[in-house]
Amino acid sequence: MAARTDLDGRPIKPMTICMIGAGGFIGSHLCEKLMAETPHKVLALDVYNDKIKHLLEPDSLPWAGRIEFHRINIKHDSRLEGLIKMADLTINLAAICTPADYNTRPLDTIYSNFIDALPGVKYCSENSKRLIHFSTCEVYGKTIGSFLPKDSPLRKDPAYYVLKEDTSPCIFGSIEKQRWSYACAKQLIERLIYAEGAENGLDFTIVRPFNWIGPRMDFIPGIDGPSEGVPRVLACFSNNLLRREPLKLVDGGQSQRTFVYIKDAIEAVLLMIENPDRANGHIFNVGNPNNEVTVRQLAEMMTQVYTKVSREPMLQSPSIDVSSKEFYGEGYDDSDKRIPDMTIINKQLGWNPKTSLWDLLESTLTYQHRTYAEAIKKSMAKPTAS
């Protein structure tokens, strides 16, 4: 492997990374990148390893010995501090991050995203270890523009809706709107990490992902995840398409979102890992403001892409409208727009996303269509007589 240099031309030394939540969507792609393109070693911590099994077996893989899986539930495992001590850097990806759970499991959501994250922060601070913590774009809550009259021309002014790490306020709904339990827990752990940096010298970087999309994301209920539950919007739509059901548009699908391809986003994370002098002490938005659509437009585009990928005809009624109360239950609330400002990450790390929304949807839906077809085929296969 050729010698690697950072953005300032200095050689990058091989490091050991303790990755909490390595078996999930983001973790699996980050592990792939680290194994294929760097000399770094990964201590992969998670409860499940299905999405990284291809990196762990067989022993003949070129990176054999550079990735170790440790089956750990960070809620109650005394091994966590020892593994953090063994590493140069800890990356925390663990979270409950499914909107349907924020309403129905608010206590689990708060514990998972704040209480369970505390020991990792504490161990990094006490042992002078660097931390990259994954937060969420949801910490911004609602935009300032959403409180303006609907006919106000200021609603179209980027100053009222583009989200900036260092200046945008975090605006949540009332306490009875339990949908904000996730965002509030994530904001509080951010504030604690920031305080550890200010008071105790913790070297930290906080990542705020804006809808990272790609193969292995979320789950298709009953296929590569639990049979019950509601995944995030794109996986919900994928589930509907695969099952030949109309796509459900919550409250008319008027919310606006941006989507970024997982492989683009992982490039940004690798830059953070290998450029600590440029990344430490910073909070980074990681998204693609060029891929902005309403949820309704997303549904229309996904239907078109899936028709191309699957070669199946479009449904006569490809979508239906449902209320947020009907879909998520009481206490649901939402943000109107989530458009990231990219100034800081561009200045510090020179990163810009490349992949268009159509291309990332085509990649994701091709993978999901193949996975779904394989699962159905497997379920239909009859066991052979012994």
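Restricting to region 347-386, and then to whatever is in a loop (DSSP other than H, G, I, E, B) and exposed (fewer than 11 other Cβ atoms within 10 Å of the Cβ), can you tell me which residue is modelled with the highest pLDDT? Steps first, please.
Step one: filter region 347-386 for residues in a loop (DSSP other than H, G, I, E, B), giving 350-356, 381-386.
If we keep only those that are exposed (fewer than 11 other Cβ atoms within 10 Å of the Cβ) as well, we get 381-386.
Details: 381: 69, 382: 57, 383: 62, 384: 53, 385: 49, 386: 46.
Residue satisfying both the conditions and the ranking: 381.
Within region 271-288, how many residues are open to solvent by less than 10 Å² (accessible area, probe 1.4 Å) and either at pLDDT below 95 or within 13 Å of residue 352 (Cα to Cα) (or both)?
So the count comes out to 5.
Among the residues of region 120-131, is there at least one that is in a strand (DSSP E or B) and open to solvent by less than 10 Å² (accessible area, probe 1.4 Å)? Walk me through how you get there before you give the answer.
Taking region 120-131 and keeping what is in a strand (DSSP E or B), we get 130-131.
Next, from what is left, pick out any that are open to solvent by less than 10 Å² (accessible area, probe 1.4 Å): 131.
Checking region 120-131: at least one residue is in a strand (DSSP E or B) and open to solvent by less than 10 Å² (accessible area, probe 1.4 Å).
What about residue 194, is it within 23 Å of the chain's Cα centre (by Cα), open to solvent by 20 Å² or more (accessible area, probe 1.4 Å) and closer than 29 Å to residue 15 by Cβ? Write out each step before concluding.
On the way: within 23 Å of the chain's Cα centre (by Cα): yes; open to solvent by 20 Å² or more (accessible area, probe 1.4 Å): yes; closer than 29 Å to residue 15 by Cβ: yes.
It is true that residue 194 is within 23 Å of the chain's Cα centre (by Cα), open to solvent by 20 Å² or more (accessible area, probe 1.4 Å) and closer than 29 Å to residue 15 by Cβ.
Which of the residues belonging to region 132-166 are hydrophobic (A, V, I, L, M, F, W, C), in a helix (DSSP H, G or I) and open to solvent by less than 40 Å² (accessible area, probe 1.4 Å)? Steps first, please.
Here is the first cut: in region 132-166, the residues hydrophobic (A, V, I, L, M, F, W, C) are 132, 134, 137, 139, 144, 147-148, 154, 159, 162-163.
Still in the running and in a helix (DSSP H, G or I): 137, 139, 144, 147, 154, 159.
Within region 132-166, 137, 139 meet the criteria.
Quick check on this structure: which one of 21, 27, 9 is modelled with pLDDT of 95 or more and more than 26 Å from residue 127 (Cβ to Cβ)? Quick ask: steps written out before the conclusion?
Numbers: 21 fails: more than 26 Å from residue 127 (Cβ to Cβ); 27 fails: more than 26 Å from residue 127 (Cβ to Cβ).
Matching residue, one of 21, 27, 9: 9.
Quick one: what pairs do we get from region 274-302, first residue among the basic types (Lys, Arg), second open to solvent by less than 20 Å² (accessible area, probe 1.4 Å) and in a helix (DSSP H, G or I), C-beta under 8 Å, 6+ apart or different chains?
278/349; 296/252; 296/253
Which residue pairs have Cβ atoms under 6 Å apart, sit 6 or more places apart or on different chains, and have a first residue in region 15-35 that is more than 18 Å from residue 5 (Cα to Cα) and in a helix (DSSP H, G or I) and a second that is open to solvent by 10 Å² or more (accessible area, probe 1.4 Å) and of a type in the set (D, E, K, R)?
As it stands, the answer is 25/216; 28/51; 28/216, since those pairs meet every condition given.
How many residues, within region 96-117, are closer than 23 Å to residue 132 by Cα, in a helix (DSSP H, G or I), of a type outside the set (Asp, Glu) and open to solvent by less than 40 Å² (accessible area, probe 1.4 Å)?
Counting residues in region 96-117 that are closer than 23 Å to residue 132 by Cα, in a helix (DSSP H, G or I), of a type outside the set (Asp, Glu) and open to solvent by less than 40 Å² (accessible area, probe 1.4 Å) gives 4.
Kindly indicate whether any position in region 49-65 is among the acidic types (Asp, Glu) and at pLDDT 95 or above. Walk me through how you get there before you give the answer.
First, the residues of region 49-65 that are among the acidic types (Asp, Glu): 50, 57, 59.
After this cut, where a residue has to be at pLDDT 95 or above as well, the list is none.
No, there is no match, as no residue in region 49-65 is among the acidic types (Asp, Glu) and at pLDDT 95 or above.
Give the residues of region 115-154 that are within 25 Å of residue 276 (Cα to Cα) and among the aliphatic types (A, V, I, L, M), sorted by residue number.
117, 118, 121, 131, 132, 139 - these are the residues of region 115-154 that are within 25 Å of residue 276 (Cα to Cα) and among the aliphatic types (A, V, I, L, M).
Against the condition touching a strand residue (DSSP E or B) at 6+ places or on another chain (Cβ under 6 Å) and open to solvent by less than 60 Å² (accessible area, probe 1.4 Å), how does residue 204 come out, does it pass? Lay out the reasoning, then the answer.
Values: touching a strand residue (DSSP E or B) at 6+ places or on another chain (Cβ under 6 Å): yes; open to solvent by less than 60 Å² (accessible area, probe 1.4 Å): yes.
The answer is yes for residue 204.
For residue 174, only one of the following conditions fails: (1) at pLDDT 90 or above; (2) surrounded by fewer than 21 Cβ atoms within 10 Å (Cβ to Cβ); (3) not in a loop (DSSP other than H, G, I, E, B). What is its number?
Of the numbered conditions (1) at pLDDT 90 or above; (2) surrounded by fewer than 21 Cβ atoms within 10 Å (Cβ to Cβ); (3) not in a loop (DSSP other than H, G, I, E, B), the odd one out for residue 174 is (3).
May I ask you to list the residues in region 228-283 that are basic (Lys, Arg) and part of a helix (DSSP H, G or I)?
263, 278, listed by residue number.
Specify the residue that is nearest to residue 235 (Cα to Cα); the eligible residues are those in region 19-57 that are touching an Asp or Glu at 6+ places or on another chain (Cβ under 7 Å) and among the aliphatic types (A, V, I, L, M).
Among residues in region 19-57 that are touching an Asp or Glu at 6+ places or on another chain (Cβ under 7 Å) and among the aliphatic types (A, V, I, L, M), the one nearest to residue 235 (Cα to Cα) is 22.
So, of the residues in region 235-252 that are open to solvent by less than 10 Å² (accessible area, probe 1.4 Å) and touching a Ser or Thr at 6+ places or on another chain (Cβ under 6 Å), which turns out to be modelled with the lowest pLDDT?
If we take residues in region 235-252 being open to solvent by less than 10 Å² (accessible area, probe 1.4 Å) and touching a Ser or Thr at 6+ places or on another chain (Cβ under 6 Å), then 249 is modelled with the lowest pLDDT.
Is there a residue in region 1-14 that is outside any loop (DSSP other than H, G, I, E, B) and over 22 Å from residue 261 (Cβ atoms)? Explain how you work it out, then say what you get.
Start the filter on region 1-14 by keeping residues that are outside any loop (DSSP other than H, G, I, E, B), which leaves 5, 11.
If we keep only those that are over 22 Å from residue 261 (Cβ atoms) as well, we get 5, 11.
For region 1-14, residues outside any loop (DSSP other than H, G, I, E, B) and over 22 Å from residue 261 (Cβ atoms): present.
For region 36-45, give me the residue count where each residue is assigned to a loop (DSSP other than H, G, I, E, B) and open to solvent by 10 Å² or more (accessible area, probe 1.4 Å). Reasoning before the result, please.
Filtering region 36-45 for residues assigned to a loop (DSSP other than H, G, I, E, B) gives 38-40.
If we keep only those that are open to solvent by 10 Å² or more (accessible area, probe 1.4 Å) as well, we get 39.
Residues that pass the stated criteria total 1.
The values are calculated or read from the model by the stated rules, or taken from the named source; none is laboratory data. Please read these numbers as outputs of a predicted model, since none were measured by experiment. Counting neighbours? That spans all protein chains shown, and the Cβs are built from the backbone with ideal geometry, glycine included. Protein only, heavy atoms only, side chains kept; ligands, DNA and RNA dropped before computing areas. Shrake-Rupley method; radii C 1.70, N 1.55, O 1.52, S 1.80 Å.
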